[in-house]
1. Towards the positive end of the charge dipole of the stretch 111-218, with charges on Cβ (+1 Lys, Arg; -1 Asp, Glu), say which of Gly153, Val116, Ile198 has the farthest Cα.
2. Under a Cβ-only charge scheme (Lys and Arg +1, Asp and Glu -1), can you give me the dipole magnitude of the stretch 153-204 about the Cα centre, in debye to the nearest 20?
3. Can you give the net charge of the other residues whose Cβ lies under 9 Å from the Cβ of Val152, counting K and R as +1 and D and E as -1?
4. Could you tally the net charge around Lys205, taking each other residue with its Cβ under 12 Å from the Cβ of Lys205, Lys/Arg +1 and Asp/Glu -1?
5. Listed highest first by mean packing, meaning other Cβ atoms within 10 Å per residue, what order do 106-112, 125-131, 147-153 come in?
6. What's the Cα-based Rg to Rh of the stretch 158-214, Rh via Kirkwood?
7. With Cβ to Cβ distances under 14 Å as the rule, what net charge do the other residues near Ala127 carry (K, R +1; D, E -1)?
8. Taking N as the number of residues in the stretch 106-213, what is its alpha-carbon radius of gyration divided by 2.2 N^0.38 Å?
Amino acid sequence: MTDPWAQTAPLTPQRPRGFSPGTVAILATATVLLAVAGLAIGWYAAGDSEPTTQTSSSPSALASPTPEASPSELPSPTPEPSPASPAPGGQLMVDVTTRDFREARAQLIKDLRVSVTVSFVDEPGAAHTVLRTDPAAGAPAPRGTNVRVYVVGPVFEFEMPNVVDKSCDAAKTELVAAGLRIGKYVSGNEGTVRETSILAGAKVKWDEQVDLTCSTEAPPSPPAAG
């Protein structure tokens, strides 16, 4: 028996399974493009491109703080002017010219602790005033040195001081200060002055020598009146 549908109804074409050739071509092209893009990204990430600025700073790249100046680089303080070097002996000769020689001599002995020799000269000037000194004013005059004072006029004369009944030491000090020299101690330099080689009140010259007689024994009492 003949199938009536086979003669009257046209056969419907069946859709082939899978992708069409055009679709396959498009997919292949897209795959290639993605592969190329992936390679480019990998090459860029690997550092083949231009280097960029590194944003994360390593410890070595951090700016180190400005070092403080070392002691040798610090400005040294301005030195203060040092005082003038002291003269040998620590003192200088003072100016005593034109002064009375006895006052000048006493000042030099007291202030400078020096010995003084007085020389009288016949030169113009006020009598018995200091003409010059050796060492001169402003020169070194160490303690203990001898200073010579030149005095205008003849040798100075004065009265012998009375030192009887004073201690030997006190008498010596007074006579030397007055301008006399102690020659010798007749019976030692202990005790009390009993006698002087020049009587008190007599005229003596500057730098004249005087001998002292001292004793530790009491002087004999005067005889009682009868």
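1. Of Gly153, Val116, Ile198, it is Val116.
2. Result for the stretch 153-204 is approximately 140 debye, rounded to the nearest 20.
3. Value of the local net charge: -2.
4. Charge balance near Lys205 sits at -2.
5. Final packing ranking: 147-153, 125-131, 106-112.
6. So for the stretch 158-214, dividing Rg by the Kirkwood Rh gives 0.91.
7. -2
8. Computed over Cα atoms of the stretch 106-213, the ratio equals 1.20.
Laboratory data are not the source of any read-out in this text; all were calculated from the coordinates shown. Just so it is clear, the model here is predicted, and its values are computed rather than measured. Cβ: placed from backbone, ideal geometry, glycine included. Neighbour counts: every protein chain shown.
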